[in-house]
1. Taking the conditions exactly as written (buried (at least 22 other Cβ atoms within 10 Å of the Cβ) and farther than 25 Å from residue A:281 by Cα), does residue A:364 satisfy them or not?
2. Give the range B:84-93 a look and list any residue that's in contact with a Pro (Cβ under 9 Å, 6 or more places away or on another chain) and within 22 Å of residue B:41 (Cβ to Cβ), or say none.
3. Does residue A:100 satisfy the condition of being more than 10 Å from chain B (Cβ to nearest Cβ), more than 26 Å from residue A:19 (Cα to Cα) and out of contact with any Pro (no Cβ under 7 Å at 6 or more places or on another chain)?
4. For the range B:66-91, name all the residues that are farther than 29 Å from residue B:24 by Cα and touching a helix residue (DSSP H, G or I) at 6+ places or on another chain (Cβ under 6 Å).
5. Please go through the range B:377-427 and give me each residue that is in contact with a helix residue (DSSP H, G or I) (Cβ under 8 Å, 6 or more places away or on another chain) and acidic (Asp, Glu), ordered by number.
6. Do you know which of the residues in the range A:229-254 that are assigned to a strand (DSSP E or B) and surrounded by 21 or more Cβ atoms within 10 Å (Cβ to Cβ) is farthest from the chain's Cα centre (by Cα)?
7. Taking the residues in the range A:59-83 that are polar (S, T, N, Q) and more than 9 Å from every other protein chain (Cβ to nearest Cβ) as candidates, determine which candidate is surrounded by the fewest Cβ atoms within 10 Å (Cβ to Cβ).
8. Looking at B:283, B:287, B:238, which is the one that is closer than 21 Å to residue A:365 by Cα and among the polar types (S, T, N, Q)?
Number of protein chains: 2
Amino acid sequence: MNIELINTGSELMLGRVLNTHQQWICRKLADSGRVVTRQVAVEDEANAIRDAVAEALERADLIITTGGLGPTSDDITRDLVAQLLGLELREDASALANIEGFFRQRGRPMPPSTRIQAMVPEGGDVIHNAHGTAPGLAIPIHPSRAKAASGPQWLVMLPGPPRELRPMFEKQILPFIEKHYPNNESFVSLTLRTTGMGESLVEERIAPELRELLNRGLGIGYCARTGEVDVRLVSKGSDGQKLVQEAALICRKLLAPHVYGEGDELIETELVRELIRQRQSVSVAESCTGGLVGHRITNVPGSSEVFHGGVVAYHNDVKVSTLGVPESVLATEGAVSEACARAMADGVRRLLKSDWAISVTGIAGPGGGSTEKPVGLAYIGVASAKETRAVRVMNPFDRETFKHSTSQQALDLLRRAISAQSSAGNG
Amino acid sequence: MNIELINTGSELMLGRVLNTHQQWICRKLADSGRVVTRQVAVEDEANAIRDAVAEALERADLIITTGGLGPTSDDITRDLVAQLLGLELREDASALANIEGFFRQRGRPMPPSTRIQAMVPEGGDVIHNAHGTAPGLAIPIHPSRAKAASGPQWLVMLPGPPRELRPMFEKQILPFIEKHYPNNESFVSLTLRTTGMGESLVEERIAPELRELLNRGLGIGYCARTGEVDVRLVSKGSDGQKLVQEAALICRKLLAPHVYGEGDELIETELVRELIRQRQSVSVAESCTGGLVGHRITNVPGSSEVFHGGVVAYHNDVKVSTLGVPESVLATEGAVSEACARAMADGVRRLLKSDWAISVTGIAGPGGGSTEKPVGLAYIGVASAKETRAVRVMNPFDRETFKHSTSQQALDLLRRAISAQSSAGNG
């Protein structure tokens, strides 16, 4: 199957925004056993879009475009595609109703220019947009103008904003693709998410033990991000499910406790689930992460069941007055120290009356480092009724990467502490 | 000038990594007054790469490829391009010396497989790689096989790793492009960042007033993200700078106070700069945003000068015990109310002793909404020594988008309050 993805947008060609659609859509399709053959990006310019779509029509079974469906004058994809395919545009009642409802719900008048988004090329299917005004469109290509190859050919047009495109793709487009382009053979894919080990170490540990499964048709892929490595296990055919499950079991055994989840699961999701399961609560005391740990925990729906709150103690005064860190600790050990991290975790646990607490204190940079305490240094504390301890980590990255890595380690430390205490309790 | 960028890599087509090369290279070229006409990504597969390069040769003045120059079996771009152009590969002494030096410097033996990276298509220029082993290559295309158009045609091949590609591009490739493809006319681009107005409203307000400048050669583009719209003003030619400046002035007048910055500036950067300039400090009290407002402020280097800290009052107990929100407010108005937002802002301002305070309380969803107080409702408070006020906003989005939008509005409300108080003070 030949799939071509066309991303339109001058902001892409001017390098103003990252093309996150490419990765996201390619990923979703790969997970469903389909690989995008070619991705093309062009600016919002009539000839560029027309050429890209016309060329794709000659090659691809399925063409997906993103962007250019909005209400402003540079949103020209819908018109160009209709023109190229010789299709009239007609106003669709359901699409118009959705636009009117969108503004009504927000108590705002509907700008007349937004009405154009209800125009649909004749014969095209309207794909409801639950999070915005421009519907998606699926247009069947008539065999007379289609590529030589047999089989169906569709052009699917998606709105540009990710929060509109993503739910639409998952809930409507993927089932549409499964229906019109069924996979000939089964395809199984499972991604294990690990943290705290480098990519080559992960590979060294699991690759030798997976050799036999590789010979039987297993595929492995590694994807490293800061502080994390995904291990992707894939297989095709009737034996695929069994192969992948066997491999996952081996990996989990060899990599535990570094494996924290599967698929797109985040460490905070796993942590909140575990806290809910154990009916335990948590609070956070953050200095260098500035609120990021609390932000990540509260990204998880249902976190209000377990998250009491936090104190962002950016200034040392706040560490002392609100969290009760002893002035002597700051004077002798400094704010970036094991003792301070422990005092912060104890302080917030007491203040917000939670079962567990996490604390983070460190030097995010670019300023504020010294030879003894360089930029990238952080201490992470974990407190419970049983014990309070702190670990030293070193994340010598740019400011935002430092914050992300440190928050990741803090969430992971708590995840492991809870699971260790739970095992000990059960033993 | 027609520039085509070809990114090769199976990991791109499987959606395992983001294509950061596209944004980075497009941005560097746009800043130099050159816009990439088309970007194509294909997997590491011979036919896919060969087709993409062959098609680009028919269209583009300059073709840039990334990836596929390394030593492993999936690095096939160099071989394919030589084959396609009918050029012999020859070992280049300087490239080989660089590879040998790379391993010698690290005290490691040179793996025999890495030697292949010194192979260069005849007639090609070797571009020294200061951070890796695979050199870049610049290959002049012979007029007999070049596109119809006049002028020089080059194919430039760059190594895939960003930390090798980026310095090579800035130090060697950009000067190469300036030399072989000098700009005939100047190119000016300016992006205004706005918040708090929809895309269509922004266009309705400015487009009529810009009509005359459009006729004189101004270009306008819009890029909408949640809660934000970028307005991009571009122009070419000797009059370009003047046109863009004139347009920017008109937009700033018509859209103020929605314009918060230019270029890549974030609202939090602008806010921190303004606080530093006025020697004012701030603290935050967050409920539904869970720490995101503090996280965004502390993403800005230097924010420790003005940010005291915050309280994440997720549970109502914390609102009462730590921030001093009266129990009566919670009982009569509820936690998601104007009165609670005001009390939270006052409470954190007092507790953390700052000049300003922001508070946020709302319903992030998916659960917790009611007819009277639906998911998406939030109140944002701003407190100073002079006054405390709160506004009601409605962000009926998914949980993470809700948090982002609400934090954006909170940062913007403070930014405007500070600037209003400062103007009043000056008046």
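1. When the stated conditions are applied, residue A:364 passes them.
2. Across the range B:84-93, the qualifying residue is only B:85.
3. For residue A:100, the condition - more than 10 Å from chain B (Cβ to nearest Cβ), more than 26 Å from residue A:19 (Cα to Cα) and out of contact with any Pro (no Cβ under 7 Å at 6 or more places or on another chain) - is met.
4. Matches in the range B:66-91: B:89, B:91.
5. Across the range B:377-427, the qualifying residues are B:398, B:412.
6. In this case the residue turns out to be A:235.
7. A:83
8. Numbers: B:287 fails: closer than 21 Å to residue A:365 by Cα; B:238 fails: closer than 21 Å to residue A:365 by Cα.
So the residue among B:283, B:287, B:238 that is closer than 21 Å to residue A:365 by Cα and among the polar types (S, T, N, Q) is B:283.
The values are calculated or read from the model by the stated rules, or taken from the named source; none is laboratory data. Since this is a predicted model, take the numbers as computed values, not measurements. Methodologically, a virtual Cβ is constructed for each residue, glycine included, from the backbone with ideal geometry; neighbour enumeration extends over all protein chains shown.
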